[in-house]
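Report on the structure given below.
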Amino acid sequence: MTTDAQTLPLYPWTDRNRECPLDPPPEFTQLRASLRLPYVDMKNGHKAWLVTRYEDVRAVLRDARFSANHDRPGFPQMGPVDRAVRPGTFAHMDPPDHTRLRRILAPEFMPKRVEALRPRIQQIVDELIDQLGNTAHHVDLVESLALPLPSRVICEMLGVPYKDHQFFQDHTRNLMSQATSGTASNSSFEELMSYLDRLVTLKAHEPGEDILSRLGDRVHDGTITHREAVGMAILLLFAGHETTANMLGLVILALLKHPVQLAQLRADPSLISGTIEESLRYLTIIHTGIVRIATEDVTIGGQLIRAGEGLILALASANRDDGVFGDPDIFDIHRDASSHATFAYGIHMCIGAHLARAELQIAALSLIQRLPELRLAVPFDQVPFRHDMFIYGVHSLPVAW
Amino acid sequence: MRISADPGKCLGTGNCALVAPDVFDQDDEDGTVTLLRAEPPGERLAAVRRAVLQCPSGAIRLTEQAG
């Protein structure tokens with residue numbers, strides 16, 4: 001019986017764990033314990049090996065024989081339709097192109113640069129929370145805080161002029177919104193691309209201290225092309241916005257659901273760093289995983305992966321591996337969660353990780369300190385979760401105080 | 001212990017600087033690793049091991065001496 005004649009299990013599974021939407025699907029637990037890697041049908045024409053154990057996920061991500069190049073024939077893209085890699089999208093490239101592009105941005109996101117941004121992030125958070133107070137004591141936290149915060153931060157880091165912030169926010173908001181029709185979000189994408197295109201050109205002539213100016217310099221000296229610079233800018237916008245926004249909604253929800261720990265955090269703000277690391281582990285918003293393709297035959301988890309075969313790295317499963325995290329299904333802000341797989345590993349490890357941490361730490365702590373009576377305004381089972389989106393989160397988080 | 005750091009392999013991610021800022025710094029221009037102490041005191045071993053583990057590019061190497 002050939003592989004083609006077998007019915008492969010489908011992946012991803014359409015709903016998160018029904019018992020608790022903050023947990024990954026229960027199927028992962030059995031898979032981690034099994035001796036085989038399942039080969040799955042990705043429902044879009046692609047098939048891939050599903051890697052669920054922490055050590056196997058790490059092994060793949062650190063092994064240069066597994067490629068992230070989405071243009072390789074047979075690359076197991078997750079979306080409904082395969083897309084060619086846009087210039088500048090270094091997350092979907094291998095060395096040397098990946099290296100050339102990533103190195104330009106790396107200093108902008110390093111820990112000490114992010115530390116210097118903290119006061120500004122705090123100011124933006126304070127302004128957004130001030131505005132919450134002006135409404136009738138209940139709001140959708142996603143709309144009012146979780147979405148605008150990362151958008152405003154990336155706006156400033158890129159160097160979008162203040163007069164254009166509203167334009168930028170509105171179109172970014174459209175891109176991320178579930179409710180936007182296909183046409184509206186395509187047109188917002190075109191508007192942003194076109195805007196960033198003009199801004200990169202402008203910055204090349206009148207550089208400032210921001211990311212777009214830095215990209216403009218590199219276009220000028222020939223390290224990258226203009227199209228690559230625009231592509232990198234839009235990548236930062238996409239990568240840094242929806243992820244952080246969704247995390248913030250879920251972090252607040254997780255804290256509200258664990259009131260004893262919420263009280264501990266309020267009493268001892270130094271716990272915020274551990275709280276956010278544990279939240280990153282426990283919530284793993286890249287919940288269907290990330291993808292790679294083998295360029296040589298390699299054995300992973302006892303399974304021979306042949307050159308040209310695809311892999312899905314189930315980060316959410318790795319983060320619940322009890323070989324690494326004791327009682328992994330318990331949310332515990334006091335544990336050391338720092339080896340979590342949420343930002344992945346290897347050369348594509350999230351470039352925005354330090355920034356994400358800073359935004360989440362500042363926003364979560366400020367919110368719970370300034371709104372001590374913060375509570376859900378709807379029953380937990382009525383909170384709408386983004387089960388069918390690639391990036392997990394909540395569509396809205398109605399809270400009151 | 002003895003640490004070596006290769007700026008040529010370094011991608012400037014900064015995990016090392018986050019985990020052990022007394023041992024690792026980053027160049028302000030390009031973010032590549034600067035080794036502040038090649039032979040830090042023994043109590044820093046756990047932190048340095050973590051830095052090696054979290055280095056995405058294998059730019060940092062650790063030799064642990066016996067005794």
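Volume per residue of the convex hull around the Cα atoms, evaluated for chain A, comes out as 142 Å³. Residue by residue, the range A:228-240 carries 3J(HN,Hα) couplings of 5, 4, 5, x, 5, 5, 5, 4, 4, 4, 5, 5, x Hz when phi is fed to the Karplus relation 6.51 cos²θ - 1.76 cosθ + 1.60 (θ = phi - 60°); x denotes Gly or Pro. The H on the amide N of residue B:24, modeled in the peptide plane, is under 5 Å from the matching H of B:36, each at least 5 residues off or on a different chain.
Residues A:257, A:203, ordered by accessible area of protein heavy atoms at a 1.4 angstrom probe radius and largest first, appear as A:257, A:203.
Just the number, please: carbon plus sulfur as a percent of the accessible area of the range A:183-265, 1.4 Å probe, no ligands or DNA/RNA counted. Kindly include the intermediate steps, with their values, before the conclusion.
Numbers: 1850 of 3450 Å².
Carbon with sulfur: 54 percent of the solvent-accessible area.
Across the range A:195-212, computed HN-Hα scalar couplings (Karplus, 6.51 cos²θ - 1.76 cosθ + 1.60, θ = phi - 60°) run 5, 5, 4, 5, 5, 4, 4, 4, 5, 5, 8, 10, x, x, 9, 10, 5, 5 Hz from first to last residue, x flagging Gly and Pro. Taking the chain by itself as reference, the range A:77-123 contains these residues with an accessible-area loss of 50 Å² or more in the full protein complex (1.4 Å probe, heavy atoms): A:103, A:110, A:111, A:112. Per-residue Karplus couplings for the range B:18-34, computed as 6.51 cos²θ - 1.76 cosθ + 1.60 with θ equal to phi - 60°, are listed in order as 6, 7, 9, x, 7, 10, 10, 10, 10, 4, 5, 7, 10, x, 6, 5, 10 Hz, Gly and Pro entered as x. In plain terms, the bigger the Kirkwood radius, the slower the diffusion; for chain B, with that radius from Cα pairs, at 37 °C and 0.692 mPa s, Stokes-Einstein puts D at 283 µm²/s. Calculated accessible area for chain B comes out at 51 Å² per residue, all protein chains present (probe 1.4 Å; ligands, DNA, RNA ignored).
Computed from point charges on the beta carbon alone (+1 for Lys and Arg, -1 for Asp and Glu), the dipole magnitude for the range A:255-401 about its Cα centre is near 420 Debye.
Association of chains A and B removes close to 1700 square angstrom of accessible area from solvent, both sides included, for a probe radius of 1.4 Å. Within the range A:253-321, the GluC sites (Glu not before Pro) that combine a DSSP coil assignment with at most 14 other C-beta atoms in a 10 angstrom radius are A:296.
Within the set of other residues whose C-beta is less than 9 Å from the C-beta of residue A:47, count the net charge using Lys and Arg as +1 and Asp and Glu as -1. The partial results should precede the final answer.
On the way: positive: none; negative: A:41, A:309.
Summing Lys/Arg as +1 and Asp/Glu as -1 gives -2.
What lysines sit close enough to residue A:112 to cross-link, taking a C-alpha to C-alpha distance under 28 Å and skipping anything fewer than 8 places away on the same chain? Within the straight-line limit of under 28 Å, residue A:112 reaches these lysines: A:203, B:9.
Nonpolar atom fraction for the range A:285-377, defined as the carbon and sulfur part of the 1.4 Å probe accessible area, stands at 48 percent. Separation of the range A:51-103 and the range B:29-67, taken as the distance between their Cα centroids, equals 27 angstrom. Counted over all Cα-Cα pairs of the range A:200-319, pairs farther apart than 18 Å make up 70 percent.
Sort the range A:346-394 into rounded, prolate or oblate with this rule: let a ≥ b ≥ c be the square roots of the eigenvalues of the Cα gyration tensor; rounded if a/c is under 1.5, and if a/c is not under 1.5, prolate when a/b is larger than b/c, oblate otherwise. The shape class here is oblate.
In terms of accessible area, using a 1.4 Å probe and ignoring ligands and nucleic acids, A:72, A:102, A:198 rank largest first as A:198, A:72, A:102. Rolling a 1.4 Å probe over the protein heavy atoms leaves residue A:20 with an accessible area of roughly 20 Å².
Of the peptides B:20-30, A:77-87, the order by per-residue mean of other Cβ atoms within 10 Å, starting with the highest, comes out as B:20-30, A:77-87. Across peptide B:24-33, what mean number of C-beta atoms from other chains lies inside 10 Å of a residue's C-beta? Mean number of neighbouring Cβ atoms from other chains: 4.
When A:221, A:321 are compared by accessible area at a 1.4 angstrom probe, the order from most to least is A:221, A:321. For chain A, the per residue solvent-accessible surface stands at 43 Å², with DNA, RNA and ligands left out and a 1.4 Å probe. In this Cβ point-charge picture (+1 for Lys and Arg, -1 for Asp and Glu), chain A has a dipole of about 420 debye about its Cα centre. Under 5 Å between amide hydrogens, which residues at least 5 positions from residue A:305 or on another chain qualify, with H placed 1.01 Å from N in the peptide plane? So residue A:305 has HN proximity to A:298, A:299, A:300. Dipole of the protein assembly as shown computed with +1 at Lys/Arg Cβ and -1 at Asp/Glu Cβ about the Cα centre; of B:16, A:64, A:142, farthest Cα towards the positive end is A:64. The trypsin sites (Lys or Arg not before Pro) of the range B:21-67 that meet both conditions, a loop assignment by DSSP and at most 14 other Cβ atoms within 10 Å of the site Cβ, are B:37.
For peptide B:14-23, how many partner chain Cβ atoms fall within 10 Å of a residue's Cβ, on average? What the average comes to for B:14-23 is 4. The dipole here belongs to the range A:334-387: it is taken about the Cα centre, uses +1 on the Cβ of Lys and Arg and -1 on the Cβ of Asp and Glu, and is about 40 debye.
Towards the positive end of the charge dipole of the protein assembly as shown, with charges on Cβ (+1 Lys, Arg; -1 Asp, Glu), say which of A:212, A:274, A:301 has the farthest Cα. Positive-most Cα among the choices belongs to A:301.
Length gained on full extension, residue A:10 to residue A:334: 113.0 nm, using 0.36 nm per residue less the C-alpha separation.
The values are calculated or read from the model by the stated rules, or taken from the named source; none is laboratory data. Predicted, not measured: the structure shown is a model, and the values here were computed from it. Methodologically, a virtual Cβ is constructed for each residue, glycine included, from the backbone with ideal geometry; neighbour enumeration extends over all protein chains shown. Accessible surface areas use protein heavy atoms only, side chains included; no ligands, DNA or RNA. Shrake-Rupley method; radii C 1.70, N 1.55, O 1.52, S 1.80 Å.
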